[in-house]
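Visitor: My questions all concern the structure below.
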Amino acid sequence: RQSVRDHHRTIMRKLRGVHTFYDPTSHIWRGLPSPPLWNPDQSLGQAVLGMLDRTRSKVVQISADSGVEVTGGEMFLRTVRVAQNLIKLGYGNPEDIFAMAVRNGEHAAPVLFACFALGIPVNTMDPSFQRDDLGHILAIAKPKLVFCDAETLGELTAACELTGVTPKVIVVGDKIAGYTHVEDLLVPTGIEDSFVPVNIETPNNQPAVLVCSSGTTGRSKAVSLSHSICIAHVASFYLIQADDVIFAYSTLYWLSGLIMLLAGTALGATRIITRETFSVPRTLDILQRYRVSAMIVPPSQAWAIANDPAASVRALASLRLPMCGGSAVSASLKQAFDRLIPGRSLEVMYGFSEISTAVSYTKGEFYRDGSVGFAGPRMEIKIVDDGGVALGIGQEGEILVRTKYVFMGYYGNQKATKEMLDDEGWMHSGDIGRFDKDGLLYVVDRKKDLIKYRNYQISPSDVEAVLQSICGGATV
């Protein structure tokens, strides 16, 4: 009788502060219905400038390269000047698309914020891309203007020649003759006080960012994220706190880079930036010099830190919240990293670009080997078989995710959008997983990545786990 009664009602499980809901009728798991940090019915420009105005005296950005500190008020002013000077140059049409292929320098944030304030979508590209990859993305987005690191200019120029796409280029970093430099956009306009960010009537239908998909099922696609989903998901990253000092090497190309920038701004946290690429000595220096309390790293960087003799409990003492995601995080990696942070835990996150935040996350002592944690706030998750039938606890199938705010599709690729997003709003992750009885999610495979050997199906994740456990193996 108890099981019949349970079959007709929703069960809430409370595990010492961790909440997850399971509906045994629909087999849907739900995270907490917590509200976004900002109102999603506004533009990102309005939201960002409003928060910068409220944190005028607080340091919101510190460059670990130059030591330059920027307050909310200074970031506000830089954003307004970039926006107004872009308008002077003839830019400002929301129908246009801009692109950014820049490292985490001092000017990346105000440029991105200025685009939001003008209502212009931004395609974030990896500054380390070679001409073929740059060309592939350029051909999709066809940006009118590209902000580009000086070091990337040669590859970008070659990519433009390959594709026939000819955007205007503004250089970031070293100045190059014949090109407008980003600092030219920071000159005073004399009318800063009159600036008002663009009002967007339907922010859920206006793209703010085009991010590149992971490319696990082919070449990267341009994931179109609206102003509303960026506010409801990216900026509302629930693990960061207002008094945190946050850090990640991820550029704006990576979802984690966008999360650290937008969520940090939404909460008024202090963000540490560097244009340098990852190294353990540099990481330990930044952690100790700025007392970093929250950091996102991919598994490869977490492994490098955990295996380096210079990494110590003392060096990582300030870390309240180390986070890891982007690819599979093995139990051996988590155990190795956790030895450096006694009393705390490397929190594992699972998500994908189309959701634009963490679908699930682990919670300290509730971690179990192989788990990617509990359903995140505002998430609905179900496991389905090949026929689309929802499966119960412990059964493996494809992970589907649904949220109130849905990505706008793959830019210029309606066919791929229909394959990803069904008529009921469920996004097909392409990952194989299951839930246990306590609401912990496990990702066990990619639907299309199975290796076949002598008619046996071999899981790549199993191979990766073995390789990661081998002493001296940095990454897979």
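Visitor: Taking the range 79-102, which residues are of a type outside the set (Val, Ile, Thr) and buried (at least 24 other Cβ atoms within 10 Å of the Cβ)? Lay out the reasoning, then the answer.
Guide: Narrowing the range 79-102 to residues of a type outside the set (Val, Ile, Thr): 81, 83-86, 88-96, 98-101.
Once the filter is applied, which keeps residues that are of a type outside the set (Val, Ile, Thr) and buried (at least 24 other Cβ atoms within 10 Å of the Cβ), the range 79-102 yields Ala83, Phe98, Ala99, Met100, Ala101.
Visitor: Also: Restricting the range 220-255 to residues that are of a type in the set (S, T, N, Q) and at pLDDT 95 or above, which is surrounded by the most Cβ atoms within 10 Å (Cβ to Cβ)? Can you show your working first?
Guide: So the first thing to find is which residues in the range 220-255 are of a type in the set (S, T, N, Q), and the list is 220, 224, 226, 228, 236, 241, 250-251.
Remaining after also requiring at pLDDT 95 or above: 224, 226, 228, 250-251.
Numbers: Ser224: 24, Ser226: 25, Ser228: 27, Ser250: 21, Thr251: 25.
The qualifying residue surrounded by the most Cβ atoms within 10 Å (Cβ to Cβ) is Ser228.
Visitor: Would you call Ser356 within 30 Å of Arg30 (Cβ to Cβ), in contact with a Pro (Cβ under 8 Å, 6 or more places away or on another chain) and small (Gly, Ala, Ser)?
Guide: Numbers: within 30 Å of Arg30 (Cβ to Cβ): yes; in contact with a Pro (Cβ under 8 Å, 6 or more places away or on another chain): no; small (Gly, Ala, Ser): yes.
Criteria not met by Ser356.
Visitor: Give, as residue ranges, the strands (runs of 3 or more DSSP E) completely inside the range 66-179 that count at least 3 residues that are at pLDDT 95 or above and touching a Pro at 6+ places or on another chain (Cβ under 7 Å).
Guide: Values: elements: 69-71, 98-101, 122-124, 145-149, 168-172.
By residue number, 98-101, 145-149.
Visitor: Would you please name the residue that is surrounded by the fewest Cβ atoms within 10 Å (Cβ to Cβ), looking only at residues in the range 358-385 that are at pLDDT 95 or above and either among the β-branched types (Val, Ile, Thr) or over 29 Å from Tyr253 (Cα atoms) (or both)?
Guide: My answer is Asp385.
Visitor: Out of all the residues in the range 90-98, is one or more without any contact (Cβ under 8 Å) to a residue 24 or more places away in the chain and small (Gly, Ala, Ser)? Spell out the reasoning first.
Guide: So in the range 90-98, the residues without any contact (Cβ under 8 Å) to a residue 24 or more places away in the chain come out as 90, 95.
Right, trim to small (Gly, Ala, Ser) and you get 90.
Checked against the condition, which is being without any contact (Cβ under 8 Å) to a residue 24 or more places away in the chain and small (Gly, Ala, Ser), the range 90-98 yields at least one hit.
Visitor: Hey, among Ser300, Ser256, Ser293, which residue is over 19 Å from Met51 (Cβ atoms), in contact (Cβ under 8 Å) with a residue 24 or more places away in the chain and within 13 Å of the chain's Cα centre (by Cα)?
Guide: Working: Ser300 fails: within 13 Å of the chain's Cα centre (by Cα); Ser293 fails: within 13 Å of the chain's Cα centre (by Cα).
Selected residue: Ser256, the only one of Ser300, Ser256, Ser293 that is over 19 Å from Met51 (Cβ atoms), in contact (Cβ under 8 Å) with a residue 24 or more places away in the chain and within 13 Å of the chain's Cα centre (by Cα).
Visitor: Which residue, of Phe76, Phe21, Phe129, is surrounded by fewer than 22 Cβ atoms within 10 Å (Cβ to Cβ), in contact with a Leu (Cβ under 9 Å, 6 or more places away or on another chain), closer than 28 Å to Ile286 by Cβ and of a type in the set (A, V, I, L, M, F, W, C)? Write out each step before concluding.
Guide: On the way: Phe76 fails: surrounded by fewer than 22 Cβ atoms within 10 Å (Cβ to Cβ); Phe21 fails: closer than 28 Å to Ile286 by Cβ.
Just a single option satisfies the conditions, and that option is Phe129.
Visitor: Something else about it: For the range 381-415, enumerate the residues that are of a type in the set (Gly, Ala, Ser), closer than 12 Å to Ser224 by Cβ and over 21 Å from the mean Cα position of the chain (by Cα). Quick ask: steps written out before the conclusion?
Guide: From the range 381-415, those of a type in the set (Gly, Ala, Ser) are 387-388, 390, 392, 394, 397, 409, 412; that's our starting set.
Adding the requirement that they be closer than 12 Å to Ser224 by Cβ leaves 409, 412.
The answer is Gly412, and nothing else.
Visitor: One residue is enough: does the range 45-53 have a residue meeting the conditions in contact with a strand residue (DSSP E or B) (Cβ under 7 Å, 6 or more places away or on another chain), surrounded by 15 or more Cβ atoms within 10 Å (Cβ to Cβ) and either modelled with pLDDT of 95 or more or of a type in the set (A, V, I, L, M, F, W, C) (or both)? Don't jump to the end; show me each part of the working.
Guide: Taking the range 45-53 and keeping what is in contact with a strand residue (DSSP E or B) (Cβ under 7 Å, 6 or more places away or on another chain), we get none.
Taking every residue of the range 45-53 in turn, none turns out to be in contact with a strand residue (DSSP E or B) (Cβ under 7 Å, 6 or more places away or on another chain), surrounded by 15 or more Cβ atoms within 10 Å (Cβ to Cβ) and either modelled with pLDDT of 95 or more or of a type in the set (A, V, I, L, M, F, W, C) (or both).
Visitor: Within the range 275-287, identify whether any single residue is over 23 Å from Asp431 (Cα atoms), under 20 Å from the mean Cα position of the chain (by Cα), of a type in the set (A, V, I, L, M) and at pLDDT 95 or above, and answer yes or no.
Guide: no
Visitor: Kindly indicate whether any position in the range 192-207 is part of a loop (DSSP other than H, G, I, E, B), within 18 Å of the chain's Cα centre (by Cα) and of a type in the set (Ser, Thr, Tyr).
Guide: Looking for residues that are part of a loop (DSSP other than H, G, I, E, B), within 18 Å of the chain's Cα centre (by Cα) and of a type in the set (Ser, Thr, Tyr), one finds none in the range 192-207, hence no.
Visitor: Which ones in the range 376-393 are aliphatic (A, V, I, L, M) and outside any strand (DSSP E or B)? Step through it out loud before you land on a result.
Guide: So the first thing to find is which residues in the range 376-393 are aliphatic (A, V, I, L, M), and the list is 379, 381, 383-384, 389-391, 393.
Residues satisfying the conditions are Met379, Val389, Leu391, Ile393.
Visitor: I would also like to ask the following. Which ones in the range 326-343 are at pLDDT 95 or above, in contact with a strand residue (DSSP E or B) (Cβ under 8 Å, 6 or more places away or on another chain) and part of a loop (DSSP other than H, G, I, E, B)?
Guide: Scanning the range 326-343 gives a single hit, Ile341.
One line per residue, one yes/no per condition, for (1) in the same structural domain as Pro127 (by TED's automatic domain parsing); (2) in contact with a Phe, Trp or Tyr (Cβ under 6 Å, 6 or more places away or on another chain); (3) crowded, with 21+ Cβ neighbours inside 10 Å; (4) more than 20 Å from Ser250 (Cβ to Cβ):
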residue: Val292; (1), (2), (3), (4): no, yes, yes, no
residue: Met295; (1), (2), (3), (4): no, yes, yes, no
residue: Pro298; (1), (2), (3), (4): no, no, no, no
residue: Ala315; (1), (2), (3), (4): no, no, no, yes
residue: Met323; (1), (2), (3), (4): no, no, yes, no
residue: Gln335; (1), (2), (3), (4): no, no, no, yes
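Visitor: Considering each of Ala159, Ala139 in turn, give the residue that is crowded, with 16+ Cβ neighbours inside 10 Å, touching a helix residue (DSSP H, G or I) at 6+ places or on another chain (Cβ under 9 Å) and either without any contact (Cβ under 8 Å) to a residue 40 or more places away in the chain or not assigned by TED's automatic domain parsing to the domain that holds Gly67 (or both). Explain how you work it out, then say what you get.
Guide: Values: Ala139 fails: crowded, with 16+ Cβ neighbours inside 10 Å.
That would be Ala159, the only listed residue that is crowded, with 16+ Cβ neighbours inside 10 Å, touching a helix residue (DSSP H, G or I) at 6+ places or on another chain (Cβ under 9 Å) and either without any contact (Cβ under 8 Å) to a residue 40 or more places away in the chain or not assigned by TED's automatic domain parsing to the domain that holds Gly67 (or both).
Visitor: Here is a follow-up. Is it the case that Val372 is under 27 Å from Val234 (Cα atoms) and assigned to a loop (DSSP other than H, G, I, E, B)?
Guide: On the way: under 27 Å from Val234 (Cα atoms): yes; assigned to a loop (DSSP other than H, G, I, E, B): no.
It is false that Val372 is under 27 Å from Val234 (Cα atoms) and assigned to a loop (DSSP other than H, G, I, E, B).
Visitor: Mind counting the residues in the range 288-306 that are touching a Ser or Thr at 6+ places or on another chain (Cβ under 9 Å) and within 30 Å of Leu44 (Cα to Cα)? Explain how you work it out, then say what you get.
Guide: Narrowing the range 288-306 to residues touching a Ser or Thr at 6+ places or on another chain (Cβ under 9 Å): 288, 290-293, 295-301, 303-305.
Imposing the further condition that a residue be within 30 Å of Leu44 (Cα to Cα) reduces the set to 290-293, 295-298.
The number of residues fulfilling the criteria is 8.
Visitor: Going by what's in this entry, would Ile355 be described as part of a loop (DSSP other than H, G, I, E, B), within 15 Å of the chain's Cα centre (by Cα) and in contact (Cβ under 8 Å) with a residue 24 or more places away in the chain?
Guide: Numbers: part of a loop (DSSP other than H, G, I, E, B): yes; within 15 Å of the chain's Cα centre (by Cα): yes; in contact (Cβ under 8 Å) with a residue 24 or more places away in the chain: yes.
Taking the combined requirement at face value, the residue satisfies it.
The values are calculated or read from the model by the stated rules, or taken from the named source; none is laboratory data. Model, not experiment: these values are computed from the prediction. A quick note on method: Cβ atoms are made from the backbone with ideal geometry, for glycine too, and the neighbour counts reach across all protein chains shown.
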